[in-house]
1. For the pair Ala148 and Thr240, what calculated FRET efficiency results from E = 1/(1 + (r/R0)^6), where r is the Cβ-Cβ distance and R0 = 41 Å, to the nearest 0.05?
2. Hey, rough spin-label estimate for Ser318 and Gln384, points 7 angstrom out along Cα→Cβ, what's it come to in nanometres?
3. Within the chain, what's the longest stretch lacking trypsin sites (Lys or Arg not before Pro) that sit in DSSP loops with no more than 14 other Cβ atoms inside 10 Å?
4. Would you tally the net charge around Gly312, using a Cβ to Cβ cut-off of less than 12 Å, leaving Gly312 out, and scoring K and R as +1, D and E as -1?
5. For q values of 0.10, 0.11, 0.15, 0.18 Å⁻¹, compute log₁₀ I(q)/I(0) with the Debye formula on a Cα-only model of region 388-504, without solvent.
6. Full-extension gain between Asp497 and Glu170, please, as 0.36 nm times their residue separation minus the C-alpha to C-alpha distance.
7. Using all alpha carbons of region 100-170, what is the percent of pairwise distances in each 10 Å bin, ordered from the shortest bin to the longest?
8. What base-10 log of the normalised intensity I(q)/I(0) is obtained for region 267-502 from the Debye formula, alpha carbons as equal point scatterers, at q = 0.12, 0.14, 0.16 Å⁻¹?
Amino acid sequence: MALTDHTLDSVRPLLSLQNINISFGGVQALKNVSFDVLPGEVHCLAGENGSGKSTLIKIITGVYQPAGGASISFDGQSYDHMSPVVAQSKGIQVIWQDLALFPEMTVAENIAFQTVLGRWPRLVNYRHMRELAIQALDRLGVLLDVDAPLKSFPIAQRQIVAIARALVGEAKVVFMDEPTASLTQSETDHLLNIVRTLSGRGVAVVFVSHRLAEVLDISSRLTVLRDGGLVGVYPTAGMTQSRITELMTGKTFDNHVRAADRTTGSKVLKVDGLTRRGEFDSVSFTVREGETLGIIGLLGAGRTELALTLFGMSKPDSGAITLNGHSVQFQSNRAAIDAGIAYLSEDRLSLGLIQPQSIADNLVISSLHKIQKNGVLSDSRKQQLVAGWIAELGVKIGQQGDAISTLSGGNQQRVAIAKWLATDPKLLILDAPTVGVDVGARAGIFDIVAKLADAGLAIILISDEVPEVYFNADRVLHMAQGQIVGTFDPRSCTLQDIEAAVYA
Ligand SMILES: Nc1ncnc2c1ncn2[C@@H]1O[C@H](COP(=O)(O)OP(=O)(O)OP(=O)(O)O)[C@@H](O)[C@H]1O
Ligand SMILES: [Mg+2]
């Protein structure tokens with residue numbers, strides 16, 4: 001049920017923050033922000049990369065302390081700052097992006113360990129933990145083998161485990177920071193249902209997502225941040241994606257099909273009957289110079305597996321790969337990189353970037369040969385290379401030497417893209433390149449991709465989001481269950497034609 005403005009006004013907030021300021025070095029990440037959450041509501045926090053969403057969540061959950069003058073009230077009590085222990089014990093729970101779970105432990109232990117540990121007597125009773133875990137999962141309407149180790153489950157299930165843990169912790173409000181970033185459409189739908197269930201049981205949810213369709217679908221209210229400042233708080237009813245984008249960026253964007261006829265350039269990649277048992281079957285296609293080939297499909301379609309084989313990370317059982325007219329059989333991804341293939345992995349948090357290392361080191365790691373002088377790494381060349389790409393992709397950073405983990409999610413993604421562009425590839429494979437990237441930055445990234453294509457780079461764009469391929473690819477292959485099941489030309493079909501095929 002959507003609350004009307006009138007009822008919203010009369011409900012007392014569960015959580016209320018005023019005068020929130022915080023700086024990192026010289027950067028003021030939040031400026032005089034106020035924020036409130038009503039009991040049981042679903043409240044979205046929207047803003048571009050680096051606008052301060054995660055920082056606000058960290059202040060509420062006691063990870064960071066706001067500057068003096070702040071006031072926080074929660075459940076009738078006032079605080080000038082939070083601590084993680086107090087926040088948790090009062091019922092403020094967070095599902096962090098990395099989930100903070102223990103893969104080696106069972107589902108039951110992950111869900112109930114924290115709660116059981118805090119109790120007296122300090123005997124860990126597995127049967128009791130199991131019961132708590134089963135109850136929590138049951139409240140979410142989910143069946144999972146609680147005795148199985150967590151590592152045997154994919155990310156979507158792990159996330160549910162993290163939510164169940166929050167429920168055992170008697171959450172009154174659950175913060176979810178980009179929970180759907182690594183989920184497929186059907187997993188996302190399931191998660192959104194769980195959010196509705198929580199809200200129906202009176203647990204408020206604060207939800208961060210760059211997918212505005214989700215934001216419109218799930219929330220009753222919306223707080224928009226821009227550059228660390230509060231733009232406003234709005235009822236979601238009556239909002240549109242373009243209005244939210246405008247509030248977030250202060251600009252308007254219009255999408256148009258970029259597809260062009262690219263049948264004349266020379267073939268960069270030709271794939272014939274490529275098969276890897278259990279992953280993909282008899283896949284054939286070509287990508288030409290200057291062409292952007294979209295590959296759309298759902299989880300399990302085999303897109304990433306195909307990309308990993310093209311990138312030399314796994315070997316096909318049969319079929320042939322031809323690169324620039326030469327048949328190739330890569331023994332490793334190093335060989336693929338040397339041959340001019342770059343692969344931006346879909347999972348940048350675990351594969352793409354090395355979190356504790358500096359921005360500069362992450363950026364140059366695949367192109368070290370370029371910054372050598374007589375066999376020795378040249379700091380000045382490194383600095384120049386890094387500065388060039390940071391400027392080119394508009395990455396917001398403090399110092400090149402800062403750890404990559406200090407950047408907001410979307411800025412990390414830009415560094416990951418820069419890292420591959422710095423290798424001067426002939427074929428660039430982008431696997432879900434805009435996961436976690438805001439609308440403005442997406443437009444920026446695709447402008448760059450378009451420029452690279454104009455300069456002759458062949459690009460494969462793998463995505464779950466139909467608009468992403470529709471507006472940015474010259475041709476779109478639809479992959480399902482390991483096979484190419486359809487080809488679309490965005491110049492002669494509608495977005496809905498592709499959606500109808502993919503979500504059929
Ligand atoms: N620990 C830190 N050290 C230095 N700077 C930080 C730190 N944490 C956040 N920042 C800076 O504060 C600003 C806000 O970052 P934050 O992570 O809150 O953005 P966000 O809105 O969550 O972005 P995204 O959508 O990309 O996740 C950014 O400029 C970021 O670089
Ligand atoms: Mg964030």
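1. It comes to 0.45.
2. Rounded to a tenth, the inter-label distance reads 5.2 nm.
3. 278-490
4. +1
5. Cα-only, vacuum Debye calculation for region 388-504: -0.35, -0.42, -0.73, -0.97.
6. Length difference between fully extended and current span is 113.2 nm.
7. Taking every Cα pair in region 100-170, the percentages come to 23, 59, 17, 1.
8. Values returned for q = 0.12, 0.14, 0.16 Å⁻¹ are -0.66, -0.90, -1.15.
Each value in this text was obtained by applying a stated rule to the coordinates, not by laboratory testing. All values derive from a computational prediction rather than experimental measurement. Using ideal geometry, Cβ is built from the backbone for each residue, glycine included, and neighbour counts are taken over all protein chains shown.
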